[in-house]
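Asks: Mind having a look at this structure? Questions to follow.
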Amino acid sequence: MATLLIKNGRVMDPASGRDEIADVLIEDGKIRGAGKDLAVSEVSELFDATGLVVAPGFIDMHVHLREPGFEHAETIETGSRAAAAGGFTSICPMPNTAPVNDNATVTSYIVEKARRHAIVNVFPIGAITKGSKGDALAEIGSMREAGAVAISDDGRPVMNARVMRRAMEFARSFGMPVIDHCEDLHLSAGGDMHEGAESVRLGLRGIPACSEDVMVARDILLAEVTGARYHVAHISSRHSVEMVAFAKARGLAVSAEATPHHLALSDRDMPPYDSNYKMKPPLRSSCDVEAVTQGVVSGAIDAIATDHAPHPGSEKMQEFENCPFGIIGLETALGIALEKLVHPGKIELMRMVELFTTGPGRILSIGRGTLAPGAPADVTIFSVNREWTYDVTKSLSKSSNSPFHNKTFRGGPVATVVGGQIVWRCP
Amino acid sequence: MPQGLLGIEGLSRPEIQAILDRSRDFQPRGDQRFRKLDLLRGRMVVNLFFEASTRTRTSFEIAARRLGADAVSITAQASSVSKGESLVDTLNTLAAMHPDAIIMRHAASGAPHFLQRYLETPIINAGDGTHEHPTQALLDARTILDRGQTLEGLRVAIIGDIAHSRVARSNVHLLSKFGAHIVLCGPASLLPRELENIASGVTLTTDMNEAICGADVIMMLRVQLERQHEAAFPANEYFQFYGLRLEHLQLAKPEVIVMHPGPINRGREISSEVADSQRSVILNQVENGIAVRMAVLESVLGAKKNGNAAH
């Protein structure tokens, strides 16, 4: 029997509230138990976690793995390796591949590719509409059967409110959450960065915060009408956070995620015309950053998700307005969360673990994100004080479009366990 | 780090003053024909224009030649696919021919800033998208100073499509550094509120009469239909509310001067009567463009010469 004993770490499990120095025993890919004096017959592998935190495996509910179709930017395999190096044991790739993941065949392809080549769990997210074109609904039920855990037209939001309403109704039949990249494409058209003093100064066209807010407002109203489970992707603006809090107070099944970069950076942090700071939603004002941070503190925001968006260097090495949107983020997420949330005392460490585990786990209902006995043995082992410097040229992702190159962090992933196997160790 | 000229915003007041002072030496005296100088003999500049321009390109060419430098002009068509890669490649190819400076105009804001990160050759920005047009602001300042002693305390009204104007941005930065009062005026859809904080001494108004009231200088901007991605105002209402006509000048100071970066659209942002009036200094601006660009070229290329001498 294959066993792994993780010894003497600070075991933190938000699902049970456990926070103590203990051992975690894994047998045959399942958590056998955690405690101080576990009855261990024969240990095939031992990991000394003294001084480290032992948490349920982190879940990133928003990544782009670019496969099929854009394998020059990332593959399921390379993306999964970057995920493991970031402490993530489960990742959810968005459907904007080529072809779009809008039917069970593509979903199955991703699931099968992941089974063979990925070193972490991959739970695909299916499209809301065919080709993410915003018209006809995708084959939501069959994608669910093939393994999709949610639906989203990420990056190409459904502009037609009636279509969105039907999608929410239909998804509810299968208990699937509807994830929306909230952006009114008419209001944001042509924009390259957050509309504000910086965009005016740099002469770049703006993406106003209201382009996000009007869609969050619309979707919350539709979620109430339909009773759907609705999730706001990469929330970035003050008013959107306020509206999600309002929806929750009304008892709606509404949730939200925030990205590490929207917690870490504002539009003023961008070196002039540096496309490694270009993404959607854009880095917003410091007031918005503060509001997103407060949303994490208050509980309006349920999860941290990276929106890991690899692009090859050649595409990012252009005039700013011609560069694609998106940055990679799997390997730096934990470091940023510690720096921006835990070290300054904004949230407790347990709450941060929750944002990476039970938070997204609950939204997706994938039965992960806990160290309860019998649960799949996905474990993230990390340090809260070990200093390290991110070198994007050594990234396990195929791409290197990160604004955090050369940044020094205090605390980060040390080892990642998926299904009882140590799939990554800090070199 | 190559010392080109990417924008006014990053320059200090003494740096700007030095260029303005030096440009006086290059202004023609009376009817005298300009004698060619040999200050930059043996030096070469490349004019690389990704956007159509007659006057700025010609002005830079003449400036270079009057200083004895060689000037090569290239009008490049930005390709539609993978522009940036070819942009970097184009610039690297040019740089390999060892020009002393590259004078560049590009439709994308920040294009020269992006390129300067990869290039040893100094870049002089001849206009980047809707961001900056530094030599235009310098020649405008030279033109204002030709009529007065100082920029300090002057009331300068800049009127038109402020949102899309690189001329406005560079002028705002320059005038602000010298303590002028700048009134930006246009329809609200072309006048982002954030402009108020772009520099000190800036106020905004959508009322043209208010902008002109007591003005020492009126700068009209070209209505740049090619930079608008939508109709931000009804085109046939523009002249009625934001076009400069003779009667407006009564509101300004008696010695007010009217400026325009050109090319002018008669009857769209400025009436023919104003453009051809005694108050108009539009042609002086063109003339000063050469003198100011000579001072800029001398400063950029001269700096490099000193650097080489140390080797």
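The values are calculated or read from the model by the stated rules, or taken from the named source; none is laboratory data. Keep in mind that what you see is a predicted model, and the values were worked out from it rather than measured. Cβ sites come from the backbone with ideal geometry, for glycine too, and all protein chains shown count toward neighbours. Calculation scope for accessible area: heavy atoms of the full protein, side chains included, ligands and nucleic acids excluded. Shrake-Rupley method; radii C 1.70, N 1.55, O 1.52, S 1.80 Å.
Asks: Mind checking which residues of region A:272-284 are within 14 Å of chain B (Cβ to nearest Cβ) and open to solvent by less than 20 Å² (accessible area, probe 1.4 Å)?
Replies: Residues satisfying the conditions are A:TYR273, A:SER275, A:LYS278, A:ARG284.
Asks: Having 1 or more residues that are within 11 Å of chain A (Cβ to nearest Cβ) and touching a Ser or Thr at 6+ places or on another chain (Cβ under 6 Å) is the bar; report the helices (runs of 4 or more DSSP H) wholly within region B:85-188 that clear it.
Replies: Once the helices (runs of 4 or more DSSP H) in region B:85-188 are filtered for at least 1 residues that are within 11 Å of chain A (Cβ to nearest Cβ) and touching a Ser or Thr at 6+ places or on another chain (Cβ under 6 Å), what remains is B:166-177.
Asks: Follow-up question, since we're still on this one. Checking the condition open to solvent by 40 Å² or more (accessible area, probe 1.4 Å) and among the small types (Gly, Ala, Ser), which residue from A:GLY361, A:GLY369, A:GLY374 passes?
Replies: None of the other options fit; the residue is A:GLY374.
For every residue, the table says whether it meets (1) within 23 Å of A:GLY29 (Cα to Cα); (2) of a type in the set (Gly, Ala, Ser).
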{"site": "A:GLY329", "(1), (2)": "no, yes"}
{"site": "A:ALA337", "(1), (2)": "no, yes"}
{"site": "A:VAL342", "(1), (2)": "no, no"}
{"site": "A:ARG351", "(1), (2)": "no, no"}
{"site": "A:LEU371", "(1), (2)": "yes, no"}
{"site": "A:VAL384", "(1), (2)": "no, no"}
{"site": "A:ASN406", "(1), (2)": "no, no"}
{"site": "A:GLY419", "(1), (2)": "yes, yes"}
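Asks: Provide a single number: the residues in region A:303-353 that are of a type in the set (D, E, K, R), part of a loop (DSSP other than H, G, I, E, B) and within 14 Å of chain B (Cβ to nearest Cβ).
Replies: Final tally of qualifying residues: 1.
Asks: Now for a different question. Six or more apart or on different chains, Cβ under 7 Å: which pairs go from a residue in region A:302-325 that's under 14 Å from A:MET279 (Cα atoms) to one that's open to solvent by 20 Å² or more (accessible area, probe 1.4 Å) and not in a loop (DSSP other than H, G, I, E, B)? Could you list them?
Replies: Note: pairs meeting the criteria are A:LYS316/A:ASN276; A:ASN322/B:LYS83; A:CYS323/A:GLU315; A:PRO324/A:GLU315.
Asks: Give the residue that is nearest to A:PHE70 (Cα to Cα), with candidates limited to residues of region A:345-399 that are aromatic (Phe, Trp, Tyr) and in the same structural domain as A:VAL11 (by TED's automatic domain parsing).
Replies: So, considering only residues that are aromatic (Phe, Trp, Tyr) and in the same structural domain as A:VAL11 (by TED's automatic domain parsing), the one nearest to A:PHE70 (Cα to Cα) is A:TYR390.
Results for (1) of a type in the set (A, V, I, L, M, F, W, C); (2) surrounded by fewer than 16 Cβ atoms within 10 Å (Cβ to Cβ), shown as yes or no for each residue.
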residue: A:GLY9; (1), (2): no, no
residue: A:ASP13; (1), (2): no, no
residue: A:GLY17; (1), (2): no, yes
residue: A:GLU20; (1), (2): no, yes
residue: A:ILE26; (1), (2): yes, no
residue: A:GLU42; (1), (2): no, yes
residue: A:LEU46; (1), (2): yes, yes
residue: A:GLY51; (1), (2): no, yes
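Asks: Out of A:GLU20, A:GLU45, I need the residue that is out of contact with any His (no Cβ under 6 Å at 6 or more places or on another chain), under 20 Å from A:VAL414 (Cα atoms) and at pLDDT below 95. Which one?
Replies: A:GLU45
Asks: Only residues that are open to solvent by less than 10 Å² (accessible area, probe 1.4 Å) and touching a strand residue (DSSP E or B) at 6+ places or on another chain (Cβ under 7 Å): list them for region A:204-214, please.
Replies: A:ILE207 - this is the single residue of region A:204-214 that is open to solvent by less than 10 Å² (accessible area, probe 1.4 Å) and touching a strand residue (DSSP E or B) at 6+ places or on another chain (Cβ under 7 Å).
Asks: For region A:326-338, does any single residue satisfy the condition of being under 18 Å from the mean Cα position of the chain (by Cα), farther than 21 Å from A:MET270 by Cβ and not assigned by TED's automatic domain parsing to the domain that holds A:LEU263?
Replies: Checked against the condition, which is being under 18 Å from the mean Cα position of the chain (by Cα), farther than 21 Å from A:MET270 by Cβ and not assigned by TED's automatic domain parsing to the domain that holds A:LEU263, region A:326-338 yields no hits at all.
Asks: Taking region A:23-67 as the region of interest, how many residues are in contact with a Phe, Trp or Tyr (Cβ under 6 Å, 6 or more places away or on another chain) and over 30 Å from A:PRO312 (Cβ atoms)? Step through it out loud before you land on a result.
Replies: Within region A:23-67, the first condition is being in contact with a Phe, Trp or Tyr (Cβ under 6 Å, 6 or more places away or on another chain), and the residues that meet it are A:53, A:58, A:60.
If we keep only those that are over 30 Å from A:PRO312 (Cβ atoms) too, we end up with A:53.
Here the count works out to 1.
Asks: Given the structure, is A:PHE174 more than 13 Å from chain B (Cβ to nearest Cβ) and at pLDDT 95 or above?
Replies: Spelling it out, it is not the case that A:PHE174 is more than 13 Å from chain B (Cβ to nearest Cβ) and at pLDDT 95 or above.
Asks: As an exercise: evaluate A:PRO427 against (1) open to solvent by less than 10 Å² (accessible area, probe 1.4 Å); (2) assigned to a loop (DSSP other than H, G, I, E, B) and give the number of the one condition it does not meet.
Replies: (1)
Asks: Being among the hydrophobic types (A, V, I, L, M, F, W, C) and over 30 Å from A:GLU319 (Cβ atoms) is the filter; apply it to region A:159-171 and report the residue that is nearest to the other protein chains (Cβ to nearest Cβ).
Replies: A:ALA161
Asks: Within the set of pairs 6 or more residues apart or between chains, which connect a residue that is in the same structural domain as A:GLU183 (by TED's automatic domain parsing) and among the small types (Gly, Ala, Ser) inside region A:134-153 to a residue that is surrounded by fewer than 20 Cβ atoms within 10 Å (Cβ to Cβ) and modelled with pLDDT under 95 with Cβ atoms less than 7 Å apart?
Replies: Within 7 Å, the pairs are A:GLY141/A:PHE174.
Asks: Given the criteria closer than 24 Å to B:ILE62 by Cα, part of a helix (DSSP H, G or I) and modelled with pLDDT under 95, does B:LEU301 qualify?
Replies: On the way: closer than 24 Å to B:ILE62 by Cα: yes; part of a helix (DSSP H, G or I): yes; modelled with pLDDT under 95: yes.
Considered against the rule, which asks whether it is closer than 24 Å to B:ILE62 by Cα, part of a helix (DSSP H, G or I) and modelled with pLDDT under 95, B:LEU301 comes out as yes.
Asks: Considering (1) in contact with a helix residue (DSSP H, G or I) (Cβ under 9 Å, 6 or more places away or on another chain); (2) under 26 Å from B:ASP207 (Cβ atoms); (3) of a type in the set (Lys, Arg), say which one B:ARG155 fails and leave the rest.
Replies: Evaluating B:ARG155 over (1) in contact with a helix residue (DSSP H, G or I) (Cβ under 9 Å, 6 or more places away or on another chain); (2) under 26 Å from B:ASP207 (Cβ atoms); (3) of a type in the set (Lys, Arg) leaves (1) as the failure.
Asks: Out of (1) buried (at least 18 other Cβ atoms within 10 Å of the Cβ); (2) away from chain B (no Cβ under 14 Å); (3) closer than 30 Å to B:ARG166 by Cβ, the odd one out for A:ASP269 is which?
Replies: Result: A:ASP269 passes all but (1).
Asks: Shifting gears a bit: Among the residues of region B:189-209, write down those that are in a strand (DSSP E or B) and among the basic types (Lys, Arg).
Replies: Listed by number, the list is empty, since nothing qualifies.
Asks: Of everything in region B:3-38 that's surrounded by fewer than 17 Cβ atoms within 10 Å (Cβ to Cβ) and hydrophobic (A, V, I, L, M, F, W, C), which residue is nearest to the other protein chains (Cβ to nearest Cβ)?
Replies: Top of the filtered list is B:ALA18.
Asks: Condition first: open to solvent by 40 Å² or more (accessible area, probe 1.4 Å) and among the β-branched types (Val, Ile, Thr). Now tell me which residues in region A:215-226 satisfy that.
Replies: The one that is open to solvent by 40 Å² or more (accessible area, probe 1.4 Å) and among the β-branched types (Val, Ile, Thr): A:VAL225.
Asks: Is it the case that region A:285-295 has a residue that's in contact with a Gly (Cβ under 9 Å, 6 or more places away or on another chain), within 30 Å of B:GLY129 (Cβ to Cβ) and within 14 Å of chain B (Cβ to nearest Cβ)?
Replies: Scanning region A:285-295, I find at least one residue that is in contact with a Gly (Cβ under 9 Å, 6 or more places away or on another chain), within 30 Å of B:GLY129 (Cβ to Cβ) and within 14 Å of chain B (Cβ to nearest Cβ), so the answer is yes.
Asks: From the list A:ALA223, A:ALA256, A:ALA228, which residue is small (Gly, Ala, Ser), more than 30 Å from B:GLN116 (Cα to Cα) and assigned to a helix (DSSP H, G or I)?
Replies: Testing whether each residue is small (Gly, Ala, Ser), more than 30 Å from B:GLN116 (Cα to Cα) and assigned to a helix (DSSP H, G or I) leaves just A:ALA223.
Asks: Determine if region A:102-119 includes at least one residue that is touching a Lys or Arg at 6+ places or on another chain (Cβ under 6 Å) and farther than 25 Å from A:GLN421 by Cβ.
Replies: Yes, some residue in region A:102-119 is touching a Lys or Arg at 6+ places or on another chain (Cβ under 6 Å) and farther than 25 Å from A:GLN421 by Cβ.
Asks: Here's a follow-up. For region A:389-424, give me each residue that is in a loop (DSSP other than H, G, I, E, B), farther than 20 Å from A:THR75 by Cβ and either hydrophobic (A, V, I, L, M, F, W, C) or open to solvent by less than 40 Å² (accessible area, probe 1.4 Å) (or both). Steps first, please.
Replies: Within region A:389-424, the subset in a loop (DSSP other than H, G, I, E, B) is A:390-391, A:395-407, A:419-420.
Filter again for farther than 20 Å from A:THR75 by Cβ, leaving A:390-391, A:403-407, A:419-420.
Passing the criteria: A:TYR390, A:PRO403, A:PHE404, A:GLY419, A:GLY420.
Asks: Among the residues of region A:180-204, write down those that are among the small types (Gly, Ala, Ser) and within 11 Å of chain B (Cβ to nearest Cβ). So that I can check it myself, show each step before the final result.
Replies: Step one: list which residues in region A:180-204 are among the small types (Gly, Ala, Ser), which gives A:188-191, A:196-197, A:199, A:203.
Listed by number, the residues that qualify are A:ALA189, A:GLY190, A:GLY191, A:GLY196, A:ALA197, A:SER199, A:GLY203.
Asks: How many residues are assigned to a loop (DSSP other than H, G, I, E, B) and open to solvent by 30 Å² or more (accessible area, probe 1.4 Å) when one looks only at region A:185-198?
Replies: Residues flagged as assigned to a loop (DSSP other than H, G, I, E, B) and open to solvent by 30 Å² or more (accessible area, probe 1.4 Å) within region A:185-198 amount to 3.
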